[in-house]
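Down below is the structure, laid out as structure tokens.
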Amino acid sequence: MTTESTSLSNIEQHHQEQEYDNDHDGNKEGKVESIERIFESKKVPVWQSQLTVRAFVVSFILGIMFTFIVMKLNLTTGIIPSLNVSAGLLGFFFVKTWTKFLDKSGMLKQPFTRQENTVIQTCVVATSGIAFSGGFGSYLFGMSDVIAKQSKEENSAQNIKNPSLIWMIAFLFVVSFLGLFSVVPLRKIMIIDFKLIYPSGTATAHLINSFHTPQGAKLAKKQVRTLGKFFSFSFLWGFFQWFFTGGDDCGFINFPSLGLKARENRFYFDFSATYVGVGMICPYLINVSLLVGAILSWGVMWPLINEKKGDWYPADIPSSSLHSLQGYRVFIGIAMILGDGLYNFIKVLGHTLLGLYRQFSQQQITGEIPVSGNSSPDLPSLSYDDQKRTRLFLKDQIPMWIAITGYLTIAIVSAATLPHIFHQLEWYYIAAIYVVAPVLAFCNAYGCGLTDWSLASTYGKLAIFIIGAWAGGEHGGVLAGLAACGVMMNIVSTASDLMQDFKTGYMTLASPRSMFVSQVIGTAMGCIISPCVFWLFYKAFDDLGVPGSEYPAPYALIYRNMAILGVEGVSALPEKCLMLCYIFFAFAIFVNGIRDAARKNIARFIPIPMAMAIPFYIGGYFTIDMCVGSLILFIWSKINKPKAAAFGPAVASGLICGDGIWTLPSSILALAGVKPPICMKFLSRSTNVRVDKFLSP
């Protein structure tokens, strides 16, 4: 789980889904001992039949929709909730509606199965996942001159590369598939031998299984209907707000709901349906941590540091410069992110090594190649469900030679191609990454199976510092570090995603081959869709990446400044900034240690430093939206907990999807030069008096 990734809310979501299963479908446990016995009368289709044309058509449509959503979240705050539930729900709805129509007309040739539903969910998440791992809101956009101008350091031509559709698509195609081939040979060890949990994959499997039981299908229809209502409301609300944004600082987004002074310090409710929905999906602790971070930074620290203007930093430079107040905002936030990342890296690595030690000490590994199919666990000792799942999971083998050949081929092509895209990135930098990447991919996939915590961004930051320092500032080290970050992030991220999907497939009896093919096709679609969607944003919004704009892309500047630190050191920081960075770096480690040492009933009230760091740079407005979402869900849970658990994710998904899809027509309107007709602006009384005097002399 990382604050920058889609797994932010997975654990909490998993608990909510389990509660609903126990309260509703789960009551069957006393009557029905096995999930697979419910489906015993249904024949499992061969792996080729699980890959249908309709599945990939639906996946393509949903992939575009979810890419817009993830891209918008990337370019606003960087907080991306899990969209697995939405993908599973909407995939079920679209195909079920289509097959029902064909069935009534007597033209249905192949029924809709949970295996096909799993293929759709896997493909959609793989497609939209490229919008995150592709770095459009972080390392990739951090290469542009828009972000370089904000940092003022190391912004020579050799450290800048502006976005272009051709090179972005080429880059993603040569780096996004390596992670898939790196962990394929380990699927049996992870899923069968080690019996790793993969909470998100397990929760998604439970959801899909429940959809395809008679009771679950009825519930899914109600959930989809609820999602549709709030999707329509959110889309129309975004459309309505657009009419009032005909100028700078206009519209509901600038409504000073907590007063004009609070508005100046970025505390206000901006009426964003997206972030109210995100708040409903994210755990309460995440939202509270964000709010605590916003209050600590914009409510206390920045006003106090601003009073030191002229002492700690020159008074004659704008606050947006990294040599002034902006430097404290960015680098203290980076220090907290790195402290939290280092702590969790060591923690998850410790879990991984301890888990491996226990597995080997218990002699649970036969020593045979997991994908060879020659070995099998002691099936009679397993439950009926696990026996059936294990047999089918081991049935469709993915030959070892495919994994090895695929990895080596892509690695060679990538090492030969990337230096032509990034001249600062030498081939031996890439070769070094590819030598260690399979080990790191395994560690990330294994740790994710234990904790549901993906450390893709942490490994990416590690690559920034190592390759950036290796290249050096005078040889384009900033750009080399950012590009290396992208290579590493894509490998380790897709590795853990694929293993999550294998777990989902294991529990829904979807073939590993169909899972792998679906992931490959989804990744390929994402390599084209994500750059095109980003390009639309890039061309439609002139102020993209500018602080204070609608799409400030905060992580782009953070990642670029990490790269600058890697090649330049800390000499560029304003006075006292380094000392404060050390303090907050230690603070992040200390708070994490206290959270882990405390009892669960106490730890759930201790904020998460990674989440606290995000509003340090952006402001507190989106945290208020998310806390409103949390408050809605909290009150709903108090009134009717089972209903809130069942329909809360559907309501949240509708709010997120509707507002996210409105981005497409609004971008098209901006490209066409269509301006909103009204500017709704909020002024203080004294300013309003001066305006009236000016207009009516």
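Whole-Hz Karplus values for region 260-267 come out as 5, 5, 5, 4, 4, 9, 6, 10 Hz, taken residue by residue from phi with 6.51 cos²θ - 1.76 cosθ + 1.60 and θ = phi - 60°; glycine and proline positions read x. Could you grab the Rg to Rh ratio for region 217-306? Cα atoms only, Kirkwood for Rh. Taking Rg over the Kirkwood Rh, I get 1.09.
Across every direction, the projection of the convex hull enclosing the Cα atoms of region 505-574 has a mean area of 8.7 nm². If only the Cβ of Lys and Arg carry +1 and only the Cβ of Asp and Glu carry -1, the dipole of region 97-184 around its Cα centre is close to 340 debye. Calculated translational diffusion coefficient of region 115-218 (20 °C, 1.002 mPa s; Stokes-Einstein with Kirkwood radius over alpha-carbon pairs) equals 123 µm²/s. Scattering from region 586-681 was approximated by placing one identical point on each alpha carbon and applying the Debye formula without solvent; log10 I(q)/I(0) at 0.13, 0.20, 0.25 1/Å stands at -0.79, -1.15, -1.20. Surface composition of the chain: carbon and sulfur make up 64 percent of the accessible area, probe 1.4 Å.
Subtract the Cα-Cα distance of ILE402 and LYS149 from 0.36 nm times their separation in residues, and report this length gain in nm to one decimal.
Numbers: separation 253, 0.36 × 253 = 91.08 nm, distance 4.53 nm.
Extra length from ILE402 to LYS149 when fully extended: 86.6 nm.
The listed residues MET280, MET579, MET65, once ranked by accessible area (1.4 Å probe) with the largest placed first, stand as MET579, MET65, MET280. Between helix 477-508 and the chain there is an angle of about 30 degrees, using the helix long axis and the longest principal axis of the Cα atoms. Between the residues ILE606, VAL119, SER457, the greatest Cα displacement towards the positive end of the dipole of the chain, with unit charges on the Cβ of Lys, Arg, Asp and Glu, is found for VAL119.
Dividing the alpha-carbon radius of gyration of region 185-339 by 2.2 N^0.38 Å (N being the number of residues), what value is obtained? Intermediate values should be presented prior to the final figure.
Numbers: Rg = 23.2 Å, N = 155, 2.2 N^0.38 = 15.0 Å.
So region 185-339 has a normalised radius of gyration of 1.55.
A protection proxy built from the mean count of other Cβ atoms within 10 Å ranks the segments 342-350, 124-132, most packed first, as 124-132, 342-350. The candidates VAL517, VAL276, arranged from most to least accessible area with a 1.4 Å probe in the full protein assembly, appear as VAL517, VAL276. Checking the cross-link filter: which lysines have an alpha carbon closer than 16 Å to that of LYS503, excluding same-chain neighbours under 8 positions apart? Straight-line reach from LYS503, under 16 Å: LYS188, LYS195, LYS388, LYS395.
With each label modelled as a point 7 angstrom along the Cα→C-beta vector, the LEU304-ILE317 pair spans 2.3 nm. Taking only the alpha carbons of the chain, we obtain Rg and Dmax values of 25.2, 92 Å in that order. So what's the net charge close to PHE442: Lys and Arg +1, Asp and Glu -1, counting the other residues with Cβ under 15 Å from its Cβ? Summing Lys and Arg as +1 and Asp and Glu as -1 gives 0.
Taking the square roots of 5 times each eigenvalue of the Cα gyration tensor of region 161-259, largest first, gives ellipsoid semi-axes of 40, 30, 14 Å. Summing Cβ point charges (Lys, Arg +1; Asp, Glu -1) relative to the Cα centre of region 112-259 gives a dipole of roughly 860 debye.
Look at the dipole of the chain built from charges on Cβ: of PRO574, ILE433, SER549, the Cα furthest out on the positive end belongs to SER549.
Here the contact order of the chain, divided by its residue count and restricted to Cα pairs under 8 Å and six or more residues apart, works out to 32 percent. For CYS679, the residues whose modelled amide H falls within less than 5 Å of its own, excluding neighbours fewer than 5 places apart on the same chain, are GLY246.
Using only alpha carbon positions, build the gyration tensor of region 626-682, then give the equivalent ellipsoid semi-axes as the square roots of 5 times its eigenvalues, largest first, whole angstrom. The partial results should precede the final answer.
Values: eigenvalues 236, 45, 8 Å².
Each semi-axis is the square root of five times an eigenvalue, giving 34, 15, 6 Å.
Quick one: plug the Kirkwood hydrodynamic radius of region 440-485 (C-alpha pairs) into Stokes-Einstein at 37 °C, 0.692 mPa s, and report D in µm²/s. The calculation lands on 293 µm²/s.
The values are calculated or read from the model by the stated rules, or taken from the named source; none is laboratory data. Note that the structure is predicted; figures quoted are calculated from it, not measured. Cβ atoms come from the backbone with ideal geometry, glycine included; neighbour counts cover every protein chain shown. Note: accessible area is taken over every heavy atom of the protein model, side chains too, but ligands, DNA and RNA are not part of it. Shrake-Rupley method; radii C 1.70, N 1.55, O 1.52, S 1.80 Å.
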